Amino acid sequence: MAIDLPQLDRTIATHGPVARVVVADTAGSTPREVGAAMLVWTDGQSGTIGGGELEFRAARDARTQLQQGQNLKTVRLPLGPALGQCCGGAVTLLTEIYCAEDITRLADTSIHARSTTGNDTAPLAVSRTLAKARNQGVLPEPTLMQGWMIEPVARPQTPVWIYGAGHVGRALVQTLAPLPDLAITWVDVDLSRFPKNVPEGVTCLPASDPAKAVALAPADAHHLVLTYSHVMDLEICHAILSHRFASAGLIGSATKWARFRSRLTALGHSRTKIDQINCPIGDPSLGKHPQAIALGVGTALLKSVAYNNNLDRGVLTK
């Protein structure tokens, strides 16, 4: 979990100043974890802190805070006694107002540390955490520490390139787009093939020859190939294998993959390189419904991204 700076920037640009509600601390059983956040503006909201009544009241209070111009507010809520929820735990919510100037300020830092009590002198534990991040590159998890809220700021996102705007492509985009750490580029042969309402933050890239679009993808991109044409799928796979990539997946059957393997070998790719393409994508045990495929792909992708992020933070070792 981290402050999703690109999403915050887009929301402010569209709606003006917004209230960001973040779960700052938890005790016992709670709907969401520390760092879960939502954005609230006058007539809408995005994201979720979970909990039904908890989220309803938090959004209502955030709008009141926006109207009153109160920059920061912290509240601790026992979910059972205060809200009648069955979780039995308690949450501390931090609600802050953000505007365009805050985006500029946060763009220059990897960690947003601020006092929730008005005490501008950081405790020693907070100073040590910030120094460790600065000197060792170890970003902390979101935490409320001695009256200070500390959160990493997410700027670089994991690039995901999806080829094909058919049923499975649309299910994939709808499933993956709400996730804060993914930057989705959606490729198809014509703009008319994309839905009228594309999720926020998704870049649509019409390309008469999608295989040529592969060269535009960053070297750390994850590619998912699922167009309406086997010929086009093969050309895209060939382009991916000729380009640096983090992972690649292809929709299809065992028969289709066997044919592709043979043709990709004939195109000069090694068996080892070809085996880096995962086919079929998703979890076959979930079935072939587009949303079922999307769930399987999303789970595998999130596990891969989480593993790599933990490596970067030094949580895992090779």
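When the distances between all Cα atoms of region 1-98 are binned every 10 Å from zero, what whole-number percent does each bin get?
Per 10 Å bin, starting at 0, the Cα pair percentages come out as 17, 52, 27, 5.
Going from the alpha-carbon gyration tensor of region 139-275, what semi-axes, largest first and in whole Å, does one get by taking the root of 5 times each eigenvalue?
32, 19, 12
Taking the Cα atoms of region 157-196 alone, what are Rg (to one decimal) and Dmax (as a whole number) in Å?
10.0, 27
Under a 1.4 angstrom probe, counting protein chains only, how are E96, E53 ranked by accessible area, largest first?
E53, E96
With a ≥ b ≥ c taken as the square roots of the eigenvalues of the C-alpha gyration tensor of region 257-309, please select rounded if a/c is under 1.5 and otherwise prolate if a/b is larger than b/c or oblate if it is not?
oblate
I'm a student and want to see the number: the projected area of the Cα convex hull of region 54-186, averaged over all directions, in nm².
Computed as one quarter of the Cα hull surface, the answer is 11.8 nm².
Over the chain, what is the percentage of antiparallel beta bridges among all DSSP beta bridges, to the nearest 5?
Close to 60 percent.
Averaged per residue, what accessible surface does region 155-275 expose to a 1.4 Å probe, in Å²?
Heavy-atom accessible area per residue stands at 48 Å².
Return the inverse of the average 1/r over all pairs of distinct C-alpha atoms in region 14-60, which is the Kirkwood hydrodynamic radius, in Å to one decimal.
For region 14-60, the Kirkwood estimate is 11.1 Å.
Over the Cα atoms of region 1-40, compute the convex hull volume and normalise it per residue, giving Å³.
For region 1-40, the hull spanned by Cα atoms encloses 62 Å³ per residue.
Based on the Kirkwood radius over alpha-carbon pairs, what value in µm²/s does the Stokes-Einstein equation return for the translational diffusion coefficient of the chain at 37 °C and 0.692 mPa s?
Rounded to a whole number, D works out at 151 µm²/s.
The values are calculated or read from the model by the stated rules, or taken from the named source; none is laboratory data. Here the structure is a predicted model, which is why all the values come from computation and not from measurement. We work out accessible area using only protein heavy atoms, side chains counted, and drop any ligands, DNA or RNA first. Shrake-Rupley method; radii C 1.70, N 1.55, O 1.52, S 1.80 Å.
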